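Colleague: I have a structure here, written as structure tokens, and I will follow up with some questions on it.
All of the numbers you see were taken from the coordinates with simple rules; none came from a lab. Please read all numbers here as calculations on a predicted model, not as lab measurements. When we count neighbours, we look across all protein chains shown, and the Cβ atoms used for this are built from the backbone with ideal geometry, even at glycine.
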Amino acid sequence: MAYHYNIPIVYSFVGPGAWSGRAFRVVPGETGCYYCHLEHIGDDEELQSVEPNENQEIYDDGCATPAFIGSGIDTGIIANFTTRLSIQTLLSEEKDSYEQTENDHIFWISQGKGGNMKLVQKKIDKHPDCDHCNRS
């Protein structure tokens, strides 16, 4: 619907165990679409997350739903950069608001990199293999 009505949209998600997360925005006609972002995630080594060890213990959250333990600090970081990207997008026409970024994909990783946190920001163009964007 956002694409149909030419409305930018910001997506965000956290990986298992809150070891990584990402936010990305799609601006119809200007950036790659949702599927282009997914294609770039698969193609770009810098955008690869690290999964928790499959033998890691899973804890019950009290509602009979198994879940990984994810730090509130880590999920808060992801929520904050998602909020910042959303505000930048909403205020893009406003003078004296946040300076606009050319990057529309933010990826953050907290584990599996030798104890070093990593933040990657990229501009995502239409992917050459995207069936959605490459329709005639």
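Colleague: Rank these for me by crowding, 119, 38, going from fewest to most other beta carbons within 10 Å.
Modeller: By the 10 Å Cβ count, ascending, the order reads 119, 38.
Colleague: Here is a further query. How would you rank 5, 11, going from fewest to most other Cβ atoms within 10 Å of each one's own Cβ?
Modeller: Exposure proxy ranking, most exposed first: 5, 11.
Colleague: How do 96, 131 line up, fewest other C-beta atoms within 10 Å first?
Modeller: Listed from fewest to most nearby Cβ atoms, that is 96, 131.
Colleague: Stretched out fully, how many nm does the piece from residue 48 to residue 2 gain, at 0.36 nm a residue minus the Cα gap? Numbers along the way, then the final one.
Modeller: Values: separation 46, 0.36 × 46 = 16.56 nm, distance 2.70 nm.
Length difference between fully extended and current span is 13.9 nm.
Colleague: Chymotrypsin sites (Phe, Trp or Tyr not before Pro) within the stretch 89-136: which are DSSP loop residues with at most 16 other Cβ atoms inside 10 Å?
Modeller: 98
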